[in-house]
Amino acid sequence: MSTAYAPIVDRPVRWGLLGAGSIAPALARAVASTPGGEVVAVAARDLGRARALADEHGVPRAYGSYAELCADPEVDVVYISSTHPHHAAQALDCLAAGKHVLVEKPITLTVRDTEAVLDRARSRGLFAMEAMWTRCLPLVRELVQRVGAGEVGRVRSVAAAFTVPFGYDESHRLFDLANGGGALMDLGVYPVTLAHLLAGHPTDVQVLGTTVPSGADDQVGVQWRSDRGVLVQVLCDSQSHGASRTVVRGSQGWIEVHGPVNDPESFTVHREGARPEEVRGERRGFAHQVEEVHRCLREGLVESPLVPHEASISVMTVLESVRRELGVRYPQEEEPLRA
């Protein structure tokens, strides 16, 4: 979908970083390594942290408030990397100021907030995208293309897992409900997104999981039958080791995806009567996502075809449905979730 904003074609795309946490430097490095863009400003609630990040990456301006970043006339697009509960309000503020936005995953905490952000972007004719960088990876794009082309026949099932052993610490963001904690939203969003890409949207969902004393989920198993008739099984766990294995099983073969589900290293195609084929792709982390934002802004798009608004809403619908089954509710939510 195109819009009335002037495409950015004759100069670099100028980025602002909202938040100076651990993930912001990765985006700054990605912009620096990608032609056609530059980071021009950093904002944090602590001016010292903003200045430190700006100095480290050669960024000319640092602000001690997000409002100053929104008011900067030289910022085209804002990357929002604060913790989950703040995404919606900050994205709406940026859009109100006329800025395009790239919002770290998950784009918000709820379906309602996700729709509010994306609807506001469209109504103002501005670009908005969830920073689900996995969808922009060349290897993932080729995997989706090959599965869709029927290389292993009709897909019968997809299994994906992402497990990272953090160890329980109630002060850690991952286990803090007030800060949007939970294995599902931090880890599970990746296998859910990949399975959704490969298999389609659920027609029904079955959930098993456990929570820690803080009330956050630490292990979640999700199973669904998709609208394409595919059986999906997804696992995420914030307290166990194990390979992040992804397998697509079809009527004429199967595909095994190697490496982390959010940044796979390769995949192997197994077909009836043929030698296994190993496929590798370029892996440059966030740079592929940055390239996609630049491309969209050069073409005057309000959403990316690689990370469309509908996909962000659909995946958030799955995540919220799973939380309802688990009884995990964030204090920011207006009403209790009920299974």
Original post:
Relative contact order for region 1-141 using alpha-carbon pairs under 8 Å, separation at least 6, rounded to a whole percent?
Top reply: 20 percent
Subject >> Fraction of antiparallel bridges per DSSP, the chain only, in percent to nearest 5 >> reply: 55 percent
Original post:
For the chain, modelled as a Gaussian network with Cα springs under 10 Å, which listed residue fluctuates most, 191, 308, 106?
Top reply: 308
Original post:
Relative contact order (percent) for region 181-339, with alpha-carbon contacts under 8 angstrom and 6 or more residues of separation?
Top reply: 18 percent
**OP:** Give the share of C-alpha pairs in each 10 angstrom bin for region 1-88, from 0 to the last occupied bin, in whole percents, shortest bins first.
**Re:** 18, 51, 27, 5
Original post:
Debye sum, Cα scatterers, the chain, no solvent: what log₁₀ I/I(0) at q = 0.06, 0.10, 0.13, 0.14 1/Å?
Top reply: -0.21, -0.60, -1.01, -1.16
**OP:** Determine the shape class of region 77-206: with a ≥ b ≥ c the square roots of the Cα gyration tensor eigenvalues, call it rounded for a/c under 1.5, and otherwise prolate if a/b is greater than b/c, oblate otherwise.
**Re:** oblate
Original post:
Over the chain, what relative contact order in percent results from Cα pairs under 8 Å that are six or more residues apart?
Top reply: 19 percent
Original post:
So how far apart, in nm, are the two label points at residue 46 and residue 272 if each is 7 Å from Cα heading toward Cβ?
Top reply: 6.1 nm
**OP:** For region 89-180, state which GluC sites (Glu not before Pro) are in a DSSP loop and have at most 16 other beta carbons lying within 10 Å of their beta carbon.
**Re:** 170
Subject >> Long-range HN-HN contacts of residue 13 with modeled amide H, under 5 Å >> reply: 37, 38
Subject >> ³J(HN,Hα), Karplus 6.51/-1.76/1.60, whole Hz, each residue of region 236-246, x for Gly, Pro >> reply: 9, 7, 9, 9, 9, 8, x, 5, 8, 8, 10
Subject >> Leading residue at positive end of dipole, region 160-314 (Cβ point charges), from 252, 238, 293 >> reply: 252
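Please label the shape of region 114-182 as rounded, prolate or oblate, based on the square roots a ≥ b ≥ c of the eigenvalues of the alpha-carbon gyration tensor (a/c under 1.5 means rounded; beyond that, a/b larger than b/c means prolate, else oblate).
Oblate.
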Subject >> For residue 258, residues with placed amide H under 5 Å, excluding near neighbours >> reply: 265, 266, 267, 268
Original post:
How would you classify region 234-339 from its alpha-carbon gyration tensor, with a ≥ b ≥ c the square roots of the eigenvalues: rounded for a/c under 1.5, else prolate if a/b is greater than b/c, otherwise oblate?
Top reply: oblate
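Taken together, the values in this text are just the output of simple stated rules run on the coordinates, not laboratory data. As the structure is a prediction and not an experimental result, all values here were calculated from the model. Don't worry about glycine lacking a Cβ; one is built from the backbone with ideal geometry, like all the others, and counts go over all protein chains shown.
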